[in-house]
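What follows is a single structure, written as structure tokens, with notes after it.
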Amino acid sequence: MGKPWLVNMGLKVTPYAIKWHVPFTKSIIRNTIFQQFVGGETLEETTKVADKLEEYKVQVILDYGVEGIEGEDNFDHAKEEFKKVIAYAATQANIPFMSIKVTGFARFSLLEKIDSAMNSATGTLMKRYLNAIESLDATEKEEWHRVRLRMVQLCEEAAAKNVGVLVDAEETWIQDPVDALTILMMDTFNKNKVVVFNTLQLYRHDRLQFLKDSYEAAVERNFILGAKLVRGAYMDKERNRAATMNYPSPIQPNKEASDRDYNLALEFSIDHIDHISVIVASHNEYSNLYATQLLDKKGLPHSHPHMHFSQLYGMSDNITFNLAKSGCSVSKYLPFGPIKDVVPYLMRRAQENSSVAGQTGRELALIKKEMARRGI
């Protein structure tokens, strides 16, 4: 990943190599990037990783890494796999959360159509959502009903087994129905405890205001807002699409603006920690430190029940293990699944780490520095 030309070639070739069953492709992926960022191909294979993390008081967010599939049978299969993850997590004290992607059990083009209708309407998120659903034809309404039912069944299962459900963010052109569906689930399941969390990508210039709007909805409807704060994972794709289709980019103008909004979101969440349960899902050293400083300023424990920290498996171990050592509730986001299903996830990890300035490059530099200090 320290060789950008190799990563760029891999980003272009790997999806086709998997699709066309090119010999040795899976073996190469399994022994390199898969091993670095993924817990295994099955739930059972992740156990060894989870057990090792538990030794250092690091918890796990389990993620069945399916996305971008199509077909009702595949959607139902993904739902059943998500339910298996919930059932497994419920038996493990070290696994308080699991993660889902709505694109794992909903047709992308249907989400895109609903999002487009929502963007053409005015009013609150929920008003635009209801209007968009009404604009669907009978077949599409029935299809969306099945999507919503899958989501309800997953949240019911998680609530019964006391496992948190983190709903991953998607591309901006399908995000609005995901947001609306997630808030509907919070309104049902987050009354007395936090079961459902939405993911807010703060590299979008509208997400700080969305956090505040979501908080107002939570207060009005008397539920606890679950908010996982990330910077984001689709920046190049978002900018390229905006340029190609000639609409304003949803992405912040620069990194400084993303950092500013992220830290303001932390401030807002901790200022309203009674109504917001926040997951600081960040690889930024300062943002994690700042969150602990905000807790200290309010006299709140680092292990506050509405406060959790998380980093991706295979990245920023220096942050994760230091947070755990200081008494914070912290986890690794641990994907698993067949290699062919997790390729989109792996491609994003490779892309964001494909230079010395990437997270993996910085961590490797820290490890080499420490080895040199120890004379290893």
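Rounding to the nearest 20 debye, state how big the charge dipole of the range 276-376 is about its Cα centre with +1 on each Lys and Arg Cβ and -1 on each Asp and Glu Cβ.
180 debye
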Using each residue's phi in the range 224-231, evaluate 6.51 cos²θ - 1.76 cosθ + 1.60 at θ = phi - 60° and report the 3J(HN,Hα) Karplus result to the nearest Hz, with x for Gly and Pro. 8, 7, x, 10, 9, 9, 10, 7
Say the dipole of the chain comes from +1 at the beta carbon of Lys and Arg and -1 at that of Asp and Glu; which of Thr25, Gly65, Phe82 then lies farthest toward its positive end? Thr25
Size of electric dipole in the range 123-276: Cβ of Lys, Arg +1 and of Asp, Glu -1, about Cα centre, debye, nearest 20: 180 debye
Enumerate the lysines that Lys255 could reach by cross-link, defined here as Cα to Cα under 25 Å, with residues fewer than 8 away along the same chain left out. Lys3, Lys212, Lys228, Lys237, Lys332
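Is the C-alpha gyration tensor of the range 214-365 telling us rounded, prolate or oblate? Criteria: a/c under 1.5 is rounded; beyond that, a/b larger than b/c is prolate, otherwise oblate.
oblate
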Checked the range 202-300 against the a/c 1.5 cut and the a/b vs b/c comparison, axes a ≥ b ≥ c from its Cα gyration tensor; verdict oblate
20 Å Cα-Cα reach of Lys19 towards lysines, excluding residues that sit fewer than 8 places from it in its own chain: Lys340
When Asp63, Asp168, Asp317 are ordered from fewest to most other Cβ atoms inside 10 Å of their Cβ, what list results? Asp317, Asp168, Asp63
How much length is gained on full extension from Asp236 to Arg146, taking 0.36 nm per residue of separation minus their Cα-Cα distance? 29.2 nm
Of the trypsin sites (Lys or Arg not before Pro) in the range 279-376, which ones lie in a loop per DSSP and count no more than 15 other C-beta atoms within 10 Å? Lys298
Given Cα pairs under 8 Å that are at least 6 residues apart, what percent is the relative contact order of the range 41-336? 18 percent
Percentage relative contact order, the range 181-311, counting C-alpha pairs under 8 Å, at least six apart: 24 percent
Expressed in nanometres to one decimal, the distance between label points 7 Å along Cα→Cβ at Ser249 and Ala372 is 3.5 nm
Which percent, to the nearest 5, of DSSP beta bridges fully inside the range 163-313 are antiparallel? 5 percent
For the range 1-113: rounded, prolate or oblate by the Cα gyration tensor [a/c cutoff 1.5]: oblate
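Roughly what % antiparallel, to the nearest 5, for the DSSP beta bridges in the chain?
Within the chain, antiparallel bridges account for around 5 percent of the total.
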Quick calc: nm separation of the 7 Å Cα→Cβ label points for His302 and Asn119 -> 4.2 nm
Given contacts defined as C-alpha pairs under 8 Å and at least six residues apart, what's the relative contact order of the range 1-103, whole-number percent? 23 percent
Neighbour cut-off at most 16 other Cβ (10 Å), DSSP loop, GluC sites (Glu not before Pro), the range 47-136: Glu55, Glu70
Give, rounded to the nearest 20 debye, the magnitude of the charge dipole that the chain has about its Cα centre when Lys and Arg contribute +1 at Cβ and Asp and Glu contribute -1 at Cβ. 1180 debye
Taking the inverse of the average 1/r across all pairs of different Cα atoms in the chain, what Kirkwood radius in Å do you get? 21.4 Å
Positive-end residue of Ser269, Pro301, Asn322, charge dipole of the range 249-344 with Cβ unit charges: Asn322
Tell me which of Met245, Ala159, Ser287 sits at the most positive position along the dipole axis of the chain, charges placed on C-beta atoms (Lys, Arg +1; Asp, Glu -1). Ser287
Those chymotrypsin sites (Phe, Trp or Tyr not before Pro) in the range 1-92 that DSSP places in a loop and that have at most 10 other beta carbons within 10 Å: Trp20, Phe24
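Values quoted throughout were computed directly from the atomic coordinates according to the rules given, and no laboratory measurement underlies them. Computed from a predicted structure; not experimentally measured. We place every Cβ from the backbone using ideal geometry, glycine too, and count neighbours over all the protein chains shown.
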